[in-house]
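Chemist: This is the structure, below, for whatever I ask next.
The values are calculated or read from the model by the stated rules, or taken from the named source; none is laboratory data. Remember, predicted model here, so these are calculated numbers, not experimental data. Positions of Cβ are generated from backbone atoms using ideal geometry, with glycine treated the same way; all protein chains shown enter the neighbour counts.
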Amino acid sequence: MAGKFELRKGAKGGFSFVLKASNGQVILQSEHYESKASAVNGIASVQRNAADGRRFDRRTSKNGKPYFVLIATNGQVIGQSEMYESAASMENGIASVQKNAPDAPTADLT
């Protein structure tokens with residue numbers, strides 16, 4: 001099974017998406033979007049930007065756990081990872097996004 005995007009509608013409206021790896025684990029989640037079209041554009045932006053390693057901003061949370069965000073060419077954050085236990089695990093997560101995102105199909109669960 002290849003990776004895939006899942007487009008979802010929120011309980012109180014709005015839309016978001018996640019990128020899942022081939023094992024079903026969520027490797028990137030989006031921000032909240034007001035419209036479905038904006039969320040679909042966000043998926044396309046992830047697909048375009050994921051191949052460029054310079055688009056990944058490695059960060060550390062307040063509790064010291066590493067995570068990353070994917071940044072579009074306009075500087076906007078288009079997705080965030082989970083919190084990882086180690087920098088090596090975070091780098092594996094980045095590699096998984098780079099591998100899965102460019103050609104991942106979208107499952108519309110709205």
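Chemist: Would you mind stating whether Ala50 is touching an Asp or Glu at 6+ places or on another chain (Cβ under 8 Å) and in contact (Cβ under 8 Å) with a residue 40 or more places away in the chain?
Modeler: For Ala50, the condition - touching an Asp or Glu at 6+ places or on another chain (Cβ under 8 Å) and in contact (Cβ under 8 Å) with a residue 40 or more places away in the chain - is not met.
Chemist: Take segment 19-41 and flag every residue that is touching a strand residue (DSSP E or B) at 6+ places or on another chain (Cβ under 6 Å) and surrounded by fewer than 17 Cβ atoms within 10 Å (Cβ to Cβ).
Modeler: Of everything in segment 19-41, those that are touching a strand residue (DSSP E or B) at 6+ places or on another chain (Cβ under 6 Å) and surrounded by fewer than 17 Cβ atoms within 10 Å (Cβ to Cβ) turn out to be Val26, Gln29, His32, Lys36.
Chemist: If Ala87 satisfies every condition in (1) of a type in the set (Gly, Ala, Ser); (2) within 19 Å of Arg48 (Cα to Cα); (3) modelled with pLDDT of 95 or more but one, which is the exception?
Modeler: The failed condition is (2).
Chemist: Is there any pair with a first residue in segment 1-16 that is part of a strand (DSSP E or B) and a second that is buried (at least 18 other Cβ atoms within 10 Å of the Cβ) and of a type in the set (S, T, N, Q) whose Cβ atoms are under 6 Å apart and which are 6 or more apart or on different chains, and what are they?
Modeler: Ser16/Ser30
Chemist: Sticking with this structure for a sec: Has segment 5-25 got any residue that is closer than 16 Å to Pro105 by Cβ, modelled with pLDDT under 95 and of a type in the set (A, V, I, L, M, F, W, C)?
Modeler: The answer is yes, given that some residue of segment 5-25 is closer than 16 Å to Pro105 by Cβ, modelled with pLDDT under 95 and of a type in the set (A, V, I, L, M, F, W, C).
Chemist: Hey, does segment 93-102 have a residue that's of a type outside the set (Val, Ile, Thr), surrounded by fewer than 19 Cβ atoms within 10 Å (Cβ to Cβ) and farther than 14 Å from Gly53 by Cα?
Modeler: Taking every residue of segment 93-102 in turn, none turns out to be of a type outside the set (Val, Ile, Thr), surrounded by fewer than 19 Cβ atoms within 10 Å (Cβ to Cβ) and farther than 14 Å from Gly53 by Cα.
Chemist: Consider segment 87-110. How many of its residues are more than 18 Å from Asp57 (Cβ to Cβ) and either part of a strand (DSSP E or B) or among the hydroxyl-bearing types (Ser, Thr, Tyr) (or both)?
Modeler: Total meeting the criteria: 4.
Chemist: Quick check on my filter: what residues within segment 42-60 are of a type outside the set (D, E, K, R), surrounded by 12 or more Cβ atoms within 10 Å (Cβ to Cβ) and more than 13 Å from the chain's Cα centre (by Cα)?
Modeler: If the condition is that a residue be of a type outside the set (D, E, K, R), surrounded by 12 or more Cβ atoms within 10 Å (Cβ to Cβ) and more than 13 Å from the chain's Cα centre (by Cα), then Thr60 is the only one that fits.
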